[in-house]
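To keep things clear, I will list the structure first and then write my remarks on it.
The values are calculated or read from the model by the stated rules, or taken from the named source; none is laboratory data. All of these numbers come straight from a predicted model, not from anything done at the bench. No Cβ is skipped: glycine too gets one built from the backbone with ideal geometry, and neighbour counts run over all protein chains shown.
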Amino acid sequence: MLALSIIALLTTASVPAQAQEELQAAAPVSQALGQSWNVLSRSSTTVYMVDVNAIKQQDGITTVYVARVPAQGDAADKTHSLTELNLRCSANQSKTGTEIYFGANGIEEERIPNEYSFERITANSLDAYVKSIVCDNDRSTVTYDSIEAFINAGRPNAN
């Protein structure tokens, strides 16, 4: 079971131009590196991804955006969401920040701020998988330059 979870974590995804601009405004991405989306998990309905080049660290807190992309759909449908996730890696804690929702055209439709407190990361949870990629550098060699590139590639399964 753990092997399947790890395999599901080892792939990547990408973001449309408008979404990319919004992501860069919310979490500055190194222009030299560009985006590098890793698929961290997938269900029958949703693919979860993280941009490892957009990881930001400040005052002991590591911040990253997690994308939720429909696992199936037409390549023209760029619907997805981004959730800011703040991690205290050594303390094994996380909290959710701002959530950004993008419509079928890839343009931001809604932004919801969240003021949650840090909580302990539960084993085998989505946050635990994000932590393994972000804090422990447990990354896939399969990456996508944007969420849009992942969608255009046919939303491939993790192999």
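Miscellaneous remarks
- Scanning region 31-70 for residues that are closer than 15 Å to Gly97 by Cβ, of a type outside the set (D, E, K, R) and free of Cβ contacts under 8 Å to residues at least 12 places away in the same chain gives Gln57, Gln58.
- Within region 115-159, the residues that satisfy the criterion of being small (Gly, Ala, Ser), in contact with a strand residue (DSSP E or B) (Cβ under 8 Å, 6 or more places away or on another chain) and under 21 Å from His80 (Cβ atoms) are Ser140, Ser146, Ala149, Ala153, Ala158.
- Which listed residue is in contact with a Ser or Thr (Cβ under 8 Å, 6 or more places away or on another chain) and not in a loop (DSSP other than H, G, I, E, B), from Asp138, Asp127: Asp127
- Per the listing Ser41, Ser94, the residue uniquely at pLDDT below 95, closer than 15 Å to Lys131 by Cβ and either outside any loop (DSSP other than H, G, I, E, B) or touching a Lys or Arg at 6+ places or on another chain (Cβ under 9 Å) (or both) is Ser41.
- When region 44-71 is filtered for residues that are closer than 16 Å to Ser132 by Cβ and over 10 Å from the mean Cα position of the chain (by Cα), the ones remaining, listed by number, are Ile55, Thr62.
- Single residue of region 108-124 satisfying the filter (of a type in the set (Ser, Thr, Tyr) and modelled with pLDDT of 95 or more) that is surrounded by the most Cβ atoms within 10 Å (Cβ to Cβ): Thr122
- Residue identified as buried (at least 20 other Cβ atoms within 10 Å of the Cβ) and modelled with pLDDT under 95 among Pro16, Pro28: Pro16
Here's the yes/no breakdown for (1) buried (at least 23 other Cβ atoms within 10 Å of the Cβ); (2) closer than 17 Å to Ile147 by Cα:
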position	(1), (2)
Gln35	yes, yes
Tyr48	no, yes
Ile55	no, yes
Ile61	no, no
Val69	yes, yes
Asp74	no, yes
Gln93	no, no
Ile100	no, yes
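- For region 109-150, the set of residues classified as in contact (Cβ under 8 Å) with a residue 60 or more places away in the chain and in contact with an Asp or Glu (Cβ under 7 Å, 6 or more places away or on another chain) consists of Ser132 only.
- Qualifying position, being without any contact (Cβ under 8 Å) to a residue 40 or more places away in the chain and either touching a Gly at 6+ places or on another chain (Cβ under 8 Å) or not polar (S, T, N, Q) (or both), among Gly154, Gly97, Gly73, Gly106: Gly97
- Per-region count, region 136-149, residues over 15 Å from Ala54 (Cβ atoms) and surrounded by 19 or more Cβ atoms within 10 Å (Cβ to Cβ): 2
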